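A short worksheet on the structure shown next.
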Amino acid sequence: MSDSLFKQALLLGSIITFGFAVGCTEKEQEPMETEDLRPLIDPEFVMNEVVLLSSDEGFDLTGDGVPNNGLAHLFEDPMVGPVLGGDPNEYIAKTVRRAEMLILLDFKNFQGYENDKSVDIDILLGHDFDGERSNNFEGSEMSVTCSSLTDEGEAENQFFDTEVKDGQLNGSGGSFRFLVSFSNTEVLLQNAKIVGTMDPQGANIINGMIGGAVSFDDLEEVVENDPEIGPSFAVLMLTFLENQLDADLDGDGELDALSASFSFEAVPVSIDRERPCE
């Protein structure tokens, strides 16, 4: 082979080798994430409809593929349900209409109703400070209850790093507090999950579901504070409840909580976080 042909072959081999190396390098590189430059917005919603789902509906909290909704199971029991007051959803609807249970969702670090990878949500109990119930779900302004806040004025209950993808809200590892008004007792839903469909313009959240587990300590307080349940029956009720626990909140392998899942819908509201809590 002449010196000229040898050099051409060497050059061609170098080009092929370089191209192969570059191709391999490009395949191994992770795609760079582009910074989301959309402006932050802080939408606020109030749940205008809350419904306790049936016992065969809800979140799978144990990983066995079966929905967990022990609270609904209690109300569906023919012996226990009537003692607990019958249809819970009739009661829940009244507490929402009467502004006794106004659950607020305050979105933080939010950039889009259709897609957003890291959203925080403050969950608060609202206070209808103007006393005008008719406009509560028409863009009304509300303050928050003191029990919703820490001593530093931050939300006590939150979801962190919630995701919105193709308009679908999905979050876990949260908590929220709500009032059981028949016993004037607040309970905390822990290890909570939340899903829902967000309107592209932020007009509402539909097909929502929120669920988690209520500790036995909270259930005990509800029973003991219920004026309709006397001391002797409270002992029986608590014994029954203890046998119905289906969730392990502290991870020690012992059941210590009762699961609950609710559907919800929500509409825009204005939350006055500067107004003194009540």
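Determine whether LYS108 is of a type in the set (Lys, Arg), out of contact with any Pro (no Cβ under 6 Å at 6 or more places or on another chain) and modelled with pLDDT of 95 or more. Walk me through how you get there before you give the answer.
Values: of a type in the set (Lys, Arg): yes; out of contact with any Pro (no Cβ under 6 Å at 6 or more places or on another chain): yes; modelled with pLDDT of 95 or more: no.
No, not satisfied.
Considered as a group, the residues in segment 218-250 that are surrounded by fewer than 13 Cβ atoms within 10 Å (Cβ to Cβ) and of a type in the set (Asp, Glu) include one that is nearest to ASN68 (Cα to Cα), and that residue is ASP250.
Name the one entry in ASN191, ASN170 that is in a strand (DSSP E or B) and surrounded by fewer than 15 Cβ atoms within 10 Å (Cβ to Cβ). Before the answer, list the steps.
On the way: ASN191 fails: surrounded by fewer than 15 Cβ atoms within 10 Å (Cβ to Cβ).
Just one listed residue meets the conditions, ASN170.
When you scan segment 164-173, do you find a residue that is in the same structural domain as ALA247 (by TED's automatic domain parsing) and touching a residue at least 60 places away in the same chain (Cβ under 8 Å), even just one? Scanning segment 164-173 turns up no residue that is in the same structural domain as ALA247 (by TED's automatic domain parsing) and touching a residue at least 60 places away in the same chain (Cβ under 8 Å).
Residues in segment 245-278 that are under 20 Å from the mean Cα position of the chain (by Cα) and farther than 23 Å from PHE59 by Cβ: VAL267, PRO268, VAL269, SER270, ILE271. Of GLY63, GLY81, all but one fail to be at pLDDT 50 or above, surrounded by 10 or more Cβ atoms within 10 Å (Cβ to Cβ) and of a type outside the set (Asp, Glu); the exception is GLY81. Would you check which residues across segment 127-144 are crowded, with 16+ Cβ neighbours inside 10 Å and among the polar types (S, T, N, Q) and list them? ASN136, SER140, SER143, listed by residue number. Consider segment 246-278 and keep the residues that are touching a Phe, Trp or Tyr at 6+ places or on another chain (Cβ under 8 Å) and hydrophobic (A, V, I, L, M, F, W, C). The one that is farthest from SER55 (Cα to Cα) is VAL269. Residues of segment 173-188 that are among the small types (Gly, Ala, Ser) and not in a loop (DSSP other than H, G, I, E, B): GLY173, GLY174, SER175. Restricting the search to strands (runs of 3 or more DSSP E) fully inside segment 54-161 and requiring at least 2 residues that are under 18 Å from the mean Cα position of the chain (by Cα) and assigned by TED's automatic domain parsing to the domain that holds GLN244 gives 103-108, 116-127. Among residues of segment 256-278 that are modelled with pLDDT of 95 or more, those with a beta-carbon under 7 Å from a residue that is aromatic (Phe, Trp, Tyr) and in a strand (DSSP E or B) at least six positions away or on a different chain give the pairs ALA266/PHE45; VAL267/PHE45; PRO268/PHE45; VAL269/PHE45.
The values are calculated or read from the model by the stated rules, or taken from the named source; none is laboratory data. As the structure is a prediction and not an experimental result, all values here were calculated from the model. FYI the Cβ positions are ideal-geometry reconstructions off the backbone, even for glycines, and counts take in every protein chain you see.
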